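Quick note: the coordinates plus some simple rules give every number you see, no bench work behind them. What you see is a predicted model, and the numbers here were worked out from it, not measured in a lab. A quick note on method: Cβ atoms are made from the backbone with ideal geometry, for glycine too, and the neighbour counts reach across all protein chains shown.
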Amino acid sequence: MKNLMELYKGFLWGVGFSLAAGLIFSVLVSRFAASIEYGYKNRLQELSSKQLTLLADSLGLEIVKTSIESKKIIFATKHINLNDSSFIHTTYNISLSLFNKSGEFISKCESEFPDEKSTEKDIYTVIECPIIFGEANEFDHAKIAITRQQRT
């Protein structure tokens, strides 16, 4: 009977040690996996940012003309025709941030890239931006950028 009691105590000590070791191991592994995932996400975000910058440079996106109306400003933009670039139409937008003469933000608008098949060197887009803060005649300059479309 005494041997059976010693065997039972040894079994309980073994189970306790295994549970404690298992918990410590799982905490360490989960922390290590989280740090690897965090580093991976940062590298992926950095790569995505670089790719977006390269895309913006390769498209040569620019504002060609501006027309000021009573409550809105109309922009003509152009970008280089990449021919088989339908992914641009489905993935990215043209974004315009408008500023007044003192450099204050007055409006922002976005437009899709045109899904246009053309043999021309450049593709032109017309974007209408309503003025939200202030008057249209206060407009001074705009900054143009490429943004990723929100997936629904």
Order of 108-114, 132-138, 66-72, 43-49 by packing, highest average Cβ count within 10 Å first?
-> 108-114, 132-138, 66-72, 43-49
Among all lysine pairs in region 61-148 that are eight or more places apart or on different chains, how many have alpha carbons less than 12 angstrom apart?
-> 4
For ILE74, what is the net charge nearby, where nearby means another residue's Cβ is under 12 Å from its Cβ and Lys, Arg count +1, Asp, Glu -1?
-> +1
In nm, spacing of pseudo-spin labels at SER70 and ARG148 (7 Å Cα→C-beta vector) | 4.1 nm
Could I have the simple spin-label model distance between ILE132 and ASN3, label points 7 Å from Cα toward Cβ, reported in nm to one decimal?
-> 8.3 nm
Match the structure shown to one of the listed values [x] 14.0; [y] 11.8; [z] 16.1 of mean projected area of the Cα convex hull in nm², computed from it, and give that label.
-> [z]
Contour excess over end-to-end distance, with Cα ends at SER35 and ASP57 and 0.36 nm allotted per residue = 4.6 nm
Contour minus Cα-Cα distance for ALA21 and LYS121 (0.36 nm per residue) = 29.4 nm
With Cα atoms, 0 to 90° folded angle of helix 2-59 axis to the chain main axis | 10 degrees
About the Cα centre, charge dipole magnitude for region 34-136 (Lys/Arg +1, Asp/Glu -1 at Cβ), debye | 200 debye
The chain - mean residue ellipticity at 222 nm from DSSP helices (-39,500 (n - 2.57) per run, n ≥ 4, rounded to 500) | -15500 deg cm²/dmol
Listed residue (VAL15, SER30, TYR124) projecting farthest to the positive dipole end of region 1-149, Cβ model = VAL15
